[in-house]
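The values are calculated or read from the model by the stated rules, or taken from the named source; none is laboratory data. Note that the coordinates shown come from a computational prediction; the quantities given were computed from them, not determined experimentally. Note that we place each Cβ from the backbone using ideal geometry, even for glycine, and neighbour counts take in every protein chain shown. In case anyone asks, the SASA skips ligands and DNA or RNA and just uses the protein heavy atoms, side chains included. Shrake-Rupley method; radii C 1.70, N 1.55, O 1.52, S 1.80 Å.
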Amino acid sequence: PAALLMVQTRSIIRANLSPAKTMADGITRSNELICASSANDMFVTMACVRLDAKSGKIICVNAGHNRPLICRARDGELSELPRTGIALGILAGQHYDQRRVRLQRGDFVVLYTDGVTDAMNPAGEMFGEERLREIVLGYHKLSAADLIAAFKSELEKFIGSAAPADDITIVAAKKI
């Protein structure tokens with residue numbers, strides 16, 4: 001059921017973003033359709049991010065998902081793009097906002113699923129947000145591909161022989 005909800009959600013969002021005046025309007029409309037067609041106990045968290053690679057402008061709608069990280073190259077400062085609404089499929093009539101931020105040369109945006117922070121080692125210890133932040137700060141001068149490779153390596157070392165309990169997804173983009 002979860003996989004079918006994800007396929008349906010992806011299709012609904014894609015169909016509603018294109019004709020919408022704003023990303024927030026498209027996500028708000030998508031939530032209405034998801035609420036009308038999903039089971040009562042099913043919901044989806046998501047962060048929808050549009051990045052203009054040339055200008056560095058980011059528009060983000062975050063429906064209850066992990067907050068994307070912004071790492072500033074000039075001082076290594078980490079900030080989060082806030083949540084702009086609750087998870088999709090929970091409450092009809094919910095309005096979603098969007099946030100804008102501009103990346104400067106060398107800045108990163110990092111998106112990740114809770115499978116990253118909830119990953120456990122054989123001793124049952126969670127990877128956590130603090131380790132995630134340390135990796136971003138420790139490797140923020142690298143390319144986006146190298147940052148992802150560092151995440152993969154650090155997660156593999158941490159998890160060891162433990163099987164992942166959830167999906168592990170990390171996306172990074174760097175303004176060059």
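Mean separation of Cα pairs under 8 Å and 6+ residues apart, divided by the residue count of the stretch 91-154: what relative contact order is that in percent? Intermediate values should be presented prior to the final figure.
On the way: 25 pairs, mean separation 12.8, N = 64.
That works out to 20 percent.
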Simple label model, 7 Å out from Cα along Cβ direction - residue 152 to residue 6, nm: 1.9 nm
Computed label-point distance, nm, for sites residue 176 and residue 41 using a 7 Å Cα→Cβ extension: 4.8 nm
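Between the DSSP loop rule and a limit of at most 11 other Cβ atoms within 10 Å, which trypsin sites (Lys or Arg not before Pro) in the stretch 1-51 are left?
Working: sites: 10, 14, 21, 29, 50; in loops: 21.
Qualifying residues, ordered by number: 21.
Sum up the charges of everything whose Cβ sits under 11 Å from the Cβ of residue 53, counting Lys and Arg as +1 and Asp and Glu as -1, but leave residue 53 out. Don't skip to the end; give the middle numbers.
Working: positive: 50, 54, 57, 174, 175; negative: 52.
Here the charged neighbours net out to +4.
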Listed residue (120, 109, 37) projecting farthest to the positive dipole end of the chain, Cβ model: 109
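How large, in percent, is the carbon and sulfur part of the accessible surface of the stretch 78-147 at a probe radius of 1.4 Å? Walk me through the intermediate numbers first.
Numbers: 1850 of 3590 Å².
Reported share for carbon and sulfur atoms: 52 percent.
Looking at this model, which pairs from 54/141; 152/175; 57/157 are more than 24 angstrom apart at the alpha-carbon? Show your work: numbers first, answer last.
Working: 54/141 19 Å; 152/175 21 Å; 57/157 35 Å.
Pairs exceeding 24 Å: 57/157.
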Nearest 10 degrees, 0 to 90: helix 2-17 Cα axis against the chain principal axis: 70 degrees
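In whole percent, how big is the carbon plus sulfur part of the accessible area of the stretch 1-49, probe 1.4 Å, protein atoms only? Please report the intermediate quantities before stating the final value.
Working: 1700 of 2900 Å².
Using a 1.4 Å probe with all protein chains present, the stretch 1-49 comes out at 58 percent carbon and sulfur.
Quick check for you: with a 1.4 Å probe and neighbouring chains kept, what is the accessible area per residue of the chain, in Å²? It would help to have the intermediate numbers written out before the result.
Values: 9550 Å² over 176 residues.
Spelled out: the 1.4 Å probe surface of the chain, per residue, equals 54 Å².
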Whole-percent pair-distance distribution, where bins are 5 Å wide, for the alpha carbons of the chain: 1, 8, 16, 18, 17, 16, 13, 8, 2, 0
